[in-house]
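To keep things clear, I will list the structure first and then write my remarks on it.
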Amino acid sequence: MTIRFTKLTPRRASALAIATTLARGTNSLRVAVLGSGIAGSTAARTLADRGAEVTVFEAGFGIGGRTSTRITRDEFRYQFDHGAQYIGSPKTEAFRNALDGWRSDGSAKEWTGRFRTARGLELEEDETKDRFVGYPAMHSICRNMLHHENIKVKLRSRANASPHEIEGWELAHDRTKEPLGTFDWLIVSDRNSAALHREDLTAANVEEFASKTRHIESVKSLAAMVVFEKPLGLGIDAVQFDGKDPKYGALGWAARDSSKPGRERKMDEKECWVLQSHPEAAMKILRDRTNLDEIREIAKDVLVNDFLNSIPFLIASGNEDIKIPPVVAAIGHRWSAAFPIPSEDFSQRDCQIMASKKFVACGDYFGKLPGRVEGAYLSGVSAANQLLFHEI
Ligand SMILES: Cc1cc2nc3c(=O)[nH]c(=O)nc-3n(C[C@H](O)[C@H](O)[C@H](O)COP(=O)(O)OP(=O)(O)OC[C@H]3O[C@@H](n4cnc5c(N)ncnc54)[C@H](O)[C@@H]3O)c2cc1C
């Protein structure tokens, strides 16, 4: 028997694509989402609730992106919110409703504590109301959103996308090149996907969008996660530093992670802290350094030392005679793109859709609240809604 192959012209391909989608029915629209941060998880959940079949690919080891939780792989399982520290008071009705939903399903709780702001060397009470965190860990919000019968999550899967003749998109694993499936739509939730040293979108034929995102600049940040053998007993739970007094060194933020709901270590009473750098200090440390292991070591050493040296200035009155317990573990981390610097091109809209290519981009670099969990959420909702608008 002879099999005749017919050349697939663009018109035939498009007719075949429509026929394939109709045959599957609208409820089985297949969407690939690159990234399991707040934007990607929100888009995935919004679509899954409307009946789409969603596969979320995450390059990292765990869910959450910059709201992920670092858990050590040793027997101690120390846990740290090393990225986003808390969700502040909602600025929009839509996000207030979402946060209320997360609080009522138990994936977020209020973080009440003793907060201070350091202006120069002076410590002031910080009376800001409304700080919310994922419960029992920061990543719980995204984990909970992705826990849905229509959502599959593939961790450690950095995906590269290319257009498929019939199906819309085909994805392949960045490292192994293993095929990851074909999808009707592609949602990309991280602007770094367009970076020149990466191949996520090299073959995707979205160069105009990609080249614009490459102009977005980022604030970098360094973090250190520290475990004390016993509670420090400072009498405060978090301090925001303005970076003006050299006595606080590189510190921009210090938080007693164990004071957040669900993080207290009742089993061994050890205390976990997260220290983050001031942006200018991070810039100085990162200048001329590219070796990641070296950067992590420096981040750890500098931030832990600066914190230990700051303790005499941070102790709340009445707690002066504390003895600093030994540090039993410390880890350094670099966030190479912690916060996007707002850009005109992206602040006017919450996401970008290219309907003819079945491509949507979202993330915290869009909209009026860049670099915030709320901005990422609004962008994810918008991406899903725009996609549905064009599909239905
Ligand atoms: C140190 C720090 C402190 C912060 N503090 C706060 C705070 O207190 N309050 C606040 O509101 N915000 C804070 N933020 C900002 C907040 O975390 C972000 O605005 C928000 O989490 C961004 O979500 P996102 O989904 O847009 O991006 P991300 O969380 O970055 O998610 C993108 C995900 O996509 C994945 N990815 C990328 N490319 C691919 C690919 N090709 N295949 C598969 N996966 C891919 C990445 O691994 C990543 O997980 C902080 C951020 C940092 C770094």
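The values are calculated or read from the model by the stated rules, or taken from the named source; none is laboratory data. Predicted model only: the values in this text are computed from it and were never measured. All Cβ positions, even for glycine, are placed from backbone atoms using ideal geometry, and neighbour counts span all protein chains on display. SASA here: full protein model, heavy atoms, side chains in, ligands and nucleic acids out. Shrake-Rupley method; radii C 1.70, N 1.55, O 1.52, S 1.80 Å.
Points worth noting:
- Test: residue in the stretch 90-110 that is part of a strand (DSSP E or B), hydrophobic (A, V, I, L, M, F, W, C), within 29 Å of Gly332 (Cβ to Cβ) and not assigned by TED's automatic domain parsing to the domain that holds Ile38: yes
- Check on Gly181, at pLDDT 95 or above and closer than 30 Å to Leu314 by Cβ: no
- Subset of the stretch 352-365 (residues that are farther than 20 Å from Thr67 by Cα and either of a type outside the set (Ser, Thr, Tyr) or within 24 Å of the chain's Cα centre (by Cα) (or both)): Gln352, Ile353, Met354, Ala355, Lys357, Lys358, Phe359, Val360
- Candidates Glu125, Glu178, filtered to the one that is away from the ligand (no atom under 14 Å from the Cβ), among the acidic types (Asp, Glu) and either farther than 22 Å from Arg66 by Cβ or buried (at least 17 other Cβ atoms within 10 Å of the Cβ) (or both): Glu125
- Looking across Glu207, Glu199, Glu229, one residue alone is within 15 Å of the ligand (Cβ to nearest atom) and farther than 20 Å from Gly113 by Cα. It is Glu199.
- Residue in the stretch 80-96 that is at pLDDT below 95 and either open to solvent by 10 Å² or more (accessible area, probe 1.4 Å) or within 11 Å of the ligand (Cβ to nearest atom) (or both) present: no
- Matching option when the condition is of a type outside the set (S, T, N, Q) and within 28 Å of Leu29 (Cβ to Cβ), among Gly371, Gly363: Gly363
- Residue within the stretch 341-350 that is of a type in the set (Phe, Trp, Tyr) and without any contact (Cβ under 8 Å) to a residue 24 or more places away in the chain present: no
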